[in-house]
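Worksheet: the structure to be examined is printed underneath.
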Amino acid sequence: MRAISLGVRNVLRNRFRTSLTILGVAVAILAFVLLRTVLSAWTIAADFAAKDRVVTRHKVSFIMTLPGKYVDDVAETPGVKTALLSSWFGAKDPNHPNEFFGTIAVDPQKFFEVYDEVVVPEDQKAAFFAERRGIIIGSAVAKKLGYKVGQRLTLTGTIYPGNWDFIVSGIYDTTRQSVDKSSMFFHYDYLNEWTKQKRPRSADQVGWIISRIEKGRRPADVAKAIDTKFDDSDIQTLSQDERTFNTSFLGMISAVLKAVDVVSIVILAIMMLILGNTIAMGVRERTHEYGMLRAIGFLPKHLVIFVVGEAATVGLLGGIVGLLISYPIVEQGLGRFLEENMGAFFPYFRIDSKTPPIALTLSILLGVCAAIIPAYRASQLDVAASLRKIG
Amino acid sequence: MSETARELDEEKTGTEGAKASGSGAPASAKPPVIELSKVRKTYFRGKEPVEVLRDLDLDIPTGSFEALMGPSGSGKSTLLNLIAGLDRASSGMVKVAGSDLSKLSESARTKWRSQNIGFIFQTFNMLPVLTAQENVELPLLLTKLSAVERRQRAQTALKIVGLEDRMDHYPRELSGGQEQRVTIARAIVTDPPILVADEPTGDLDRDSAEDILDLLVKLNREFEKTIIMVTHDPAAAERASIVRRLNKGVLV
């Protein structure tokens, strides 16, 4: 037997209470892991961003459009291999009014040149090119809403009002996480024809331009070259590599991310209080024993080791149980649900590899912190008085 | 000295400190192992001082078995705590096993206790998560003995108290008398010269109490331990070689 093992064995003393405490810590760790996963999933689009794509938008705001002719100018910029126009459409399926999915108007041919990670069977791709009302749909949203290749699909425009008829030309998948599987892409021409008729002043405008750059080119150099081109124009541009562009979106929700971050810390603080309360109860109950240990020669520091060792063990066990339940809940249950239903926001909802060691370390550290006051009190016991105390 | 007594004596713990010489001569002929001179102990109940021991002088010779008796509040336990180094006297000298306890710091007294005093409590105070053998091993964790040596010493101590067949039992699996035997084994495992027992038979039935008293007598006679026992029980006090009575903080 070793001195440290005494602290560990005390964990098993009141099994029911210890089990409840471990469960409490485990739930706190689950919540922590979940929130950290939300944060990492939110930022993962930035992490997965392609290194050879540059996004060009209106210099003032993302919601302001660019003249369509800019696409050719961007395409002619040295270092740009292909330039793709894109416009946010915004639509709802009237049969599924509560479901959110992205709808983006693009140049069909160039779309596959710029996004080579998007995979569609060749026959479906050919059908998409040939059909003006063709639309390709991400596999996640197609599975969820039951869309089939060849079916007619009527969407209700939110920015461009009215019913829009489409034909599902294909279901796409992706080879990387840089594009989510919950969006729909259709012909820009189809949208622009409507705009010419209904909103002539908005015709031939694009939301943003995505450029695939040549190998060996630095995205920052190409972005600068693009922006320089429009420096003297009425409408100036802001070009960024895809990662920076994605990160700028996160900036818009930074307050939310910060709040999530704070909540995850608050949860750990609650866990510490739960653990601290349990340890304090144990110390109170063992006053007599601690008095005996002090009497037979154990020093205050030994009692501190016993109490802290016990708390650290409970924290560690809670952390392990928390992680064990986190994986099936976060990755199999919630993760799949979010990827299928909110793929635009959470394209890849998986526990980050850094989270488990952080969670385990924190659960031990917080266990130690929770034990500080009870351990101090145990170490300061009056030996003679504590031997008189019963229970 | 019996065979097991010699066995324990030979397996010295490596702990330092004064040891009783234990020549087997009559206790009164030996030098005092405990000397108290003009000892006062005052507690404060709020701002009001309560004098528990008053100018107490006491010499206890090496190897004696003494019982302290007296009514509740007479100062028996306080005196025992001072002798055992658990508490400090308000004034006067408390010299035990060659050390003036009033001059020792808290940590030095703690170390001194581990080497010189064996404690036997009324309520046993065993750790329920440890087996009998592990409970006995507890004081040895503070020594430099190896795990094997600790185990051997604990087994020897349990053999002395007649519990060699209960080594792996947890306290909940032992009777009250057996628990007190384990406590005694724990008290002697470091081979201290002095044993202090606070109502060692207080929680036991008559038969178990007699067994424990037999054991204490054996430890005094065969192992030459100096034993100071606080008790309310006249039958227990009869087993001691000297009975001292305290009343209102003075020996009568």
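The values are calculated or read from the model by the stated rules, or taken from the named source; none is laboratory data. Every value quoted in this text rests on a predicted model; they were computed, and no experiment measured them. As a convention, Cβ positions derive from the backbone with ideal geometry for all residues, glycine included, and neighbour counts pool all protein chains shown. Just so you know, the surface numbers come from the protein's heavy atoms only, side chains and all, with ligands and any DNA or RNA stripped out. Shrake-Rupley method; radii C 1.70, N 1.55, O 1.52, S 1.80 Å.
State the percentage of accessible surface on chain B attributable to carbon and sulfur atoms; use a 1.4 Å probe and exclude ligands, DNA and RNA.
With neighbouring chains kept in place, the figure for chain B is 47 percent.
Along the positive direction of the dipole of chain A (beta-carbon charges: Lys, Arg +1; Asp, Glu -1; about the Cα centre), which of A:PHE112, A:THR244, A:ALA255 reaches farthest?
Checked the options; the winner is A:ALA255.
Report, in deg cm²/dmol and to the nearest 500, the calculated mean residue ellipticity at 222 nm for chain A, where each DSSP H run with n ≥ 4 adds -39500 (n - 2.57) and the sum is divided by the residue count.
Taken over chain A, the calculation gives -17000 deg cm²/dmol.
Direction-averaged shadow area of the convex hull around the Cα atoms of region B:95-169, nm²? Display every interim value, and only then the final one.
On the way: hull surface 25.3 nm².
If I average the Cα hull's projected area over directions, I get 6.3 nm².
Pop out a list of residues from region B:64-99 that are at least 20 Å² less accessible with all the protein chains around than in their chain alone; 1.4 Å probe, no ligands or nucleic acids counted.
Going by heavy-atom accessible area, the residues of region B:64-99 that drop by at least 20 Å² are B:ASN81, B:LEU86.
Label region A:60-235 by shape, choosing from rounded, prolate and oblate, from the square roots a ≥ b ≥ c of the eigenvalues of the Cα gyration tensor; if a/c is under 1.5 it is rounded, and otherwise prolate applies when a/b is larger than b/c, oblate when it is not.
oblate
I need two numbers for region A:28-69: Rg to one decimal and Dmax as a whole number, Cα atoms only, in Å.
In Å, with Rg to one decimal and Dmax whole: 16.9, 54.
Roughly speaking, what % of Cα-Cα pairs in region A:181-248 are separated by over 20 Å, rounded to a whole number?
The share of Cα pairs beyond 20 Å in region A:181-248 comes to 50 percent.
Rounded to whole Å and sorted largest first, list the principal axis extents of the Cα atoms in the protein assembly as shown.
123, 48, 45
Using only C-alpha positions, report the orientation-averaged shadow area of the convex hull of region B:55-133, nm², one decimal.
In nm², the orientation-averaged hull projection of region B:55-133 is 7.1.
Quick check on region A:60-235: of the DSSP beta bridges with both residues there, what percent are antiparallel, nearest 5%?
Bridges in region A:60-235 are about 70 percent antiparallel.
At R0 = 25 Å, how high is the FRET efficiency between A:ILE372 and A:ARG17 if r is their beta carbon distance? Nearest 0.05 is fine.
0.80
Whole number please: convex hull volume per residue of the Cα set in region A:257-323, in Å³? Numbers along the way, then the final one.
Details: hull volume 5.8 nm³, N = 67.
It comes to 86 Å³ per residue, whole-number rounded.
Could you state the accessible area per residue of the protein assembly as shown in Å², with a 1.4 Å probe and every protein chain left in place?
Working: 28850 Å² over 643 residues.
Counting only protein heavy atoms, the per-residue value for the protein assembly as shown is 45 Å².
Once you have a ≥ b ≥ c as the square roots of the Cα gyration tensor eigenvalues for region A:143-234, tell me rounded if a/c is under 1.5, and otherwise prolate or oblate according to whether a/b is larger than b/c. Numbers along the way, then the final one.
On the way: a/c = 3.32, a/b = 1.33, b/c = 2.50.
Oblate.
With a cut-off of 16 Å, note down the residues of region A:69-97 whose backbone N falls inside the zone around a label point 7 Å from the Cα of A:ASN163 toward its beta carbon.
The answer is A:92-97.
Along each principal axis of its Cα atoms, how long is region A:102-152 end to end? Whole angstroms, biggest number first, please.
Dimensions of region A:102-152 along the principal axes of its Cα atoms: 28, 21, 20 Å.
How many percent of DSSP beta bridges within the protein assembly as shown run antiparallel, rounded to 5?
The antiparallel fraction comes to roughly 65 percent.
Would you mind calculating the gained length between A:MET281 and A:ASN98 on full extension (0.36 nm times residue separation, minus the Cα-Cα distance), in nm to one decimal? Mind dumping the intermediate values first?
Details: separation 183, 0.36 × 183 = 65.88 nm, distance 4.95 nm.
Contour length minus Cα-Cα distance gives 60.9 nm.
I want to make sure I understand the PRE zone here: with the label point 7 angstrom from the Cα of A:VAL260 toward its beta carbon, which residues in region A:170-187 have backbone N atoms less than 19 Å away?
A:177-183
For peptide B:125-132, how many partner chain Cβ atoms fall within 10 Å of a residue's Cβ, on average?
5
Which percent of the accessible heavy-atom area of region A:60-235 goes to carbon and sulfur, probe 1.4 angstrom?
49 percent
What quantity of accessible surface, computed with a 1.4 Å probe and excluding non-protein components, is buried in total between chains B and A, in Å² to the nearest 100? Please list the in-between numbers first.
Values: alone 11610 and 19400 Å², together 28850 Å².
By this definition, chains B and A bury close to 2200 Å².
Among A:212-223, B:116-127, how do they line up by average Cβ neighbours within 10 Å per residue, starting with the highest?
Per-residue Cβ counts within 10 Å, averaged per peptide and sorted highest first, yield B:116-127, A:212-223.
Would you work out the charge dipole size for chain B about its Cα centre, treating the Cβ of every Lys and Arg as +1 and the Cβ of every Asp and Glu as -1, and quote it to the nearest 20 debye?
1060 debye
Just checking the output field for A:295-308: average partner chain Cβ neighbours within 10 Å of each residue's Cβ?
Across A:295-308, the average partner-chain Cβ count within 10 Å equals 5.
Once the Cα gyration tensor of region A:2-134 is diagonalised, what are the square roots of 5 times its eigenvalues, in whole Å and ordered largest first, as equivalent ellipsoid semi-axes?
Calculated on Cα positions only, the semi-axes equal 53, 20, 16 Å.
Just from its helices, what would the mean residue ellipticity at 222 nm be for chain B, if runs of 4 or more DSSP H residues each count -39500 (n - 2.57) and the sum is divided by every residue, rounded to the nearest 500 deg cm²/dmol?
Calculated mean residue ellipticity at 222 nm is -9500 deg cm²/dmol.
Using label points projected 7 Å from each Cα along Cα→Cβ, tell me how many nm separate A:THR43 and A:PHE337, to one decimal.
With each label point 7 Å from Cα toward Cβ, the separation is 2.5 nm.
So, by mean Cβ neighbours within 10 angstrom, what's the order for B:144-153, A:100-109 with the highest one leading? List each step's numbers first, then the result.
Values: B:144-153: 15.3, A:100-109: 19.8.
Those peptides, ordered most packed to least, come out A:100-109, B:144-153.
Leaving ligands and nucleic acids out of the surface, order B:VAL129, B:VAL136 by accessible area at 1.4 Å, largest first.
Highest to lowest solvent-accessible surface, that is B:VAL129, B:VAL136.
Could you give me the percent of Cα pairs per 10 Å distance bin for region A:218-286, shortest bin first, beginning at zero and ending with the bin that holds the maximum distance?
17, 21, 18, 14, 12, 9, 7, 3
Net charge near A:PHE186, counting Lys/Arg +1 and Asp/Glu -1 over other residues with Cβ under 13 Å of its Cβ?
Numbers: positive: A:ARG132, A:ARG133; negative: A:ASP107, A:GLU131, A:ASP165, A:ASP189, A:GLU193.
Its environment carries a net charge of -3.
Between A:PHE129 and A:ALA220, how many nm apart are label points set 7 Å from Cα along the C-beta direction?
Computed distance between label sites A:PHE129 and A:ALA220 equals 3.8 nm.
Restricted to Cα positions, what overall size does region B:68-226 have along the principal axes? Three whole-Å values, descending.
Dimensions of region B:68-226 along the principal axes of its Cα atoms: 47, 40, 31 Å.
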